[in-house]
Amino acid sequence: MQTNTDEFKAETGEQFPTEVIFNGEDLVHHHARDHQQYGRDLIKKLFSVNELASSILLPNDKYKRPHLDIARMSVFKNAVRRKYKISAQKWDEFFQKCMHRTLTQCLCDIRKKLKAQQQLQQAADEQQATYGQQPQQATTN
């Protein structure tokens, strides 16, 4: 569900950083088709695949997984707010309505993809071990 960001725009005069730098890159200049794609792209720049696969988005005591690093999530917030001129007072509502679902799905997709890759690698390793042992078994007769 695509949500228009206009209702969350800052009033004239609200200050935003001119740039949001992470690893030498100004994240504000990253191009994406919409705020949701921008959020997914940004979170992949800020966190490793393993961090994304093993974490939840925000702190929540209901889950055993750790939440993503708060400092880098602050960078995420600053970049999104700056790029789309989201009001500081409306950020929480914007995040819940416009970003939370797509980012949570992004984490789930990364988790599934990583698990599939690990299973594929495990199957390949088992197959290699099986083929590697067959000639040895044949020569012991």
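The values are calculated or read from the model by the stated rules, or taken from the named source; none is laboratory data. Computed from a predicted model, the values in this text were never measured in an experiment. Every residue, glycine among them, receives a Cβ derived from its backbone with ideal geometry; neighbour counts consider all protein chains shown.
Inspect segment 9-16 for any residue being at pLDDT 95 or above, part of a loop (DSSP other than H, G, I, E, B) and over 15 Å from residue 91 (Cβ atoms) and give the result as yes or no.
No; the residues of segment 9-16 include none that is at pLDDT 95 or above, part of a loop (DSSP other than H, G, I, E, B) and over 15 Å from residue 91 (Cβ atoms).
Find the helices (runs of 4 or more DSSP H) located wholly in segment 39-141 whose residues include 3 or more that are not acidic (Asp, Glu), and list them. Write out each step before concluding.
On the way: elements: 49-54, 70-84, 91-94, 100-139.
Output list reads 49-54, 70-84, 100-139.
Can you pull out the residues in segment 1-41 that are closer than 17 Å to residue 77 by Cα, in contact with a Lys or Arg (Cβ under 9 Å, 6 or more places away or on another chain) and of a type in the set (A, V, I, L, M)?
The answer is 10, 20, 27, 28, 32.
Restricting the search to segment 91-123, which residues are over 13 Å from the mean Cα position of the chain (by Cα), crowded, with 17+ Cβ neighbours inside 10 Å and not hydrophobic (A, V, I, L, M, F, W, C)?
none
Please give the number of the condition residue 109 fails out of (1) modelled with pLDDT of 95 or more; (2) among the charged types (D, E, K, R); (3) farther than 24 Å from residue 30 by Cα.
It fails just one condition, (3).
Quick one: residue 35 ticks every box in (1) within 12 Å of the chain's Cα centre (by Cα); (2) surrounded by 15 or more Cβ atoms within 10 Å (Cβ to Cβ) bar one, so which box is it?
So the condition that residue 35 fails would be (1).
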